[in-house]
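The values are calculated or read from the model by the stated rules, or taken from the named source; none is laboratory data. Because the structure is a prediction, the values reported are computed rather than measured. Every residue, glycine as well, gets a Cβ built from its backbone with ideal geometry; the counts of neighbours run over all protein chains shown. Heavy atoms of the whole protein, side chains included, go into the accessibility calculation; ligands, DNA and RNA do not. Shrake-Rupley method; radii C 1.70, N 1.55, O 1.52, S 1.80 Å.
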Amino acid sequence: MCCRQLYTAVLSHHQYRILGAAVVISARTYADFTTQATFEIKKCDVHKLDETPATQVVMTREEGLQYYRTMQTMRRMELKADQLYKQKIIRGFCHLYDGQEACAVGIEASINRNDHLITAYRAHGYTYTRGGTVKEIMAELTGRRGGIAKGKGGSMHMYCKNFYGGNGIVGAQVPLGAGVALACKFQGNNELCVCLYGDGAANQGQIFETYNMAALWKLPVIFICENNRYGMGTSVERAAASTDYFKRGEFIPGLRVDGMDVLCVREATRFAADHCRSGKGPILMELQTYRYHGHSMSDPGISYRTREEIQEVRSKSDPISLLKDRMLSNNMASVEELKDIDVEVRKEIEDAAQFATTDPEPPLEELCNHIFHNNPPVEVRGTNPWSKLKSVS
């Protein structure tokens with residue numbers, strides 16, 4: 001055997017030993033993962049409640065991995081939407097949810113699929129947690145036929161089963177959510193409605209009217225104020241005489257929750273859901289959270305707050321980093337495993353973006369379809385009295 005052959009043989013044997021050792025280490029590490037762990041979480045502030053959500057909570061490894069994947073998917077999806085918007089592929093209004101992922105994931109972890117949810121126009125994340133796919137959401141953003149609303153709703157108007165949008169009028173979804181809760185009570189099916197709005201909408205008169213009706217009728221509704229500290233470009237301190245949004249219901253019990261911690265949101269929502277299902281009526285939650293982007297894509301987000309403020313929140317309170325650190329420090333996952341999830345998520349987002357930019361736009365003849373449900377076809381006037389379009393249910 002020549003020197004070169006001998007060197008190759010030794011190298012191959014060495015590589016084999018290293019590879020074998022890696023496989024053994026990997027197998028041992030995966031086998032030794034902690035299947036569940038107990039965590040201490042921040043105590044909620046309460047209003048008109050004798051009990052509070054648990055502060056010692058258990059999370060399983062499977063739950064942690066699922067929360068991580070879902071939040072990463074939401075984060076990457078919003079960053080891709082930002083990119084497509086700047087390329088002028090997405091047009092019109094577009095409100096991104098990055099930074100607030102723990103709210104949507106924590107809420108969904110503590111309600112059932114047959115429960116109901118309605119929110120404002122920062123709706124991409126909830127569309128995903130309620131059952132929409134990344135492909136459907138991205139295609140809706142670009143106005144394509146394969147979008148979740150068939151390309152006719154756009155960023156603010158996405159829907160799926162038991163998810164009622166996506167509403168463009170500030171605060172208008174709150175009375176609608178109470179209506180859904182009223183239907184739940186009439187039907188006696190032990191379901192509830194989660195009704196979300198932002199701190200900017202919290203001063204709307206219709207919200208207080210809705211509180212009153214919900215309390216009178218003991219509706220199974222969880223009112224949730226996602227307080228991300230700014231209503232458009234106005235800080236909560238400049239917009240509200242009282243920033244204790246969880247007390248705004250006055251006669252309705254309330255909770256103030258760390259909205260950057262998925263476990264805090266999960267436990268508070270579980271507590272609130274039990275309250276509603278036991279027939280005690282509505283409850284109000286304030287989730288203290290933060291959005292990294294501006295109010296919408298037309299808002300750079302740095303004229304009313306500093307870059308340093310945004311960076312401080314990212315470095316100290318990021319919901320994904322917080323969950324990741326918990327899992328790694330408790331041996332519930334490895335760095336490599338979480339990196340693999342990141343790679344899979346990036347691929348899913350890229351595939352969805354490819355679909356969203358190549359899928360055809362809906363044809364003009366479908367413009368007026370789905371105005372009515374289960375009705376015979378009707379004629380709809382076009383842009384002038386002589387042009388007619390057909391509406392098919």
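Would you mind stating whether LYS390 is in contact (Cβ under 8 Å) with a residue 12 or more places away in the chain and either more than 20 Å from the chain's Cα centre (by Cα) or assigned to a loop (DSSP other than H, G, I, E, B) (or both)?
So LYS390 fits the description; yes.
Only one of LEU84, LEU117 is in contact (Cβ under 8 Å) with a residue 12 or more places away in the chain and either closer than 16 Å to GLY154 by Cβ or open to solvent by 20 Å² or more (accessible area, probe 1.4 Å) (or both). Can you tell me which?
The conditions single out LEU84.
Working only within segment 97-156, note down all residues that are hydroxyl-bearing (Ser, Thr, Tyr) and either under 11 Å from the mean Cα position of the chain (by Cα) or closer than 25 Å to LEU182 by Cβ (or both).
Matches in segment 97-156: TYR97, SER110, THR119, TYR121, TYR126, THR127, TYR128, THR129.
Which one of the conditions (1) open to solvent by less than 70 Å² (accessible area, probe 1.4 Å); (2) closer than 27 Å to GLU62 by Cα; (3) free of Cβ contacts under 8 Å to residues at least 40 places away in the same chain does ASP274 fail to meet, given that it meets all the rest?
That leaves (1) as the condition not met.
List pairs: first residue in segment 326-353 and touching a residue at least 12 places away in the same chain (Cβ under 8 Å) and of a type in the set (S, T, N, Q), second residue open to solvent by 80 Å² or more (accessible area, probe 1.4 Å) and in a helix (DSSP H, G or I) anywhere in the structure, Cβ distance under 9 angstrom, at least six positions apart or on different chains.
Short answer, once both residue conditions are applied: SER334/TYR30.
Say we look at segment 47-78 and pick out the residues that are touching a strand residue (DSSP E or B) at 6+ places or on another chain (Cβ under 6 Å) and surrounded by 13 or more Cβ atoms within 10 Å (Cβ to Cβ); which of these is farthest from LEU287 (Cα to Cα)?
THR60
I'd like the full set of residues that are in contact with a Cys (Cβ under 7 Å, 6 or more places away or on another chain) and either among the hydrophobic types (A, V, I, L, M, F, W, C) or not assigned by the TED database to the domain that holds LYS324 (or both), limited to segment 64-111.
Scanning segment 64-111 gives a single hit, ALA81.
How about segment 210-324: which helices (runs of 4 or more DSSP H) wholly inside it have at least 1 residues that are assigned by the TED database to the domain that holds GLY106 and closer than 24 Å to CYS94 by Cα?
236-239, 307-317
For GLN72, state whether it is part of a helix (DSSP H, G or I) and without any contact (Cβ under 8 Å) to a residue 12 or more places away in the chain.
no
Say whether the condition of being open to solvent by less than 50 Å² (accessible area, probe 1.4 Å), over 22 Å from ARG91 (Cβ atoms) and in contact with a Cys (Cβ under 8 Å, 6 or more places away or on another chain) is met by at least one residue in segment 357-380.
Scanning segment 357-380 turns up at least one residue that is open to solvent by less than 50 Å² (accessible area, probe 1.4 Å), over 22 Å from ARG91 (Cβ atoms) and in contact with a Cys (Cβ under 8 Å, 6 or more places away or on another chain).
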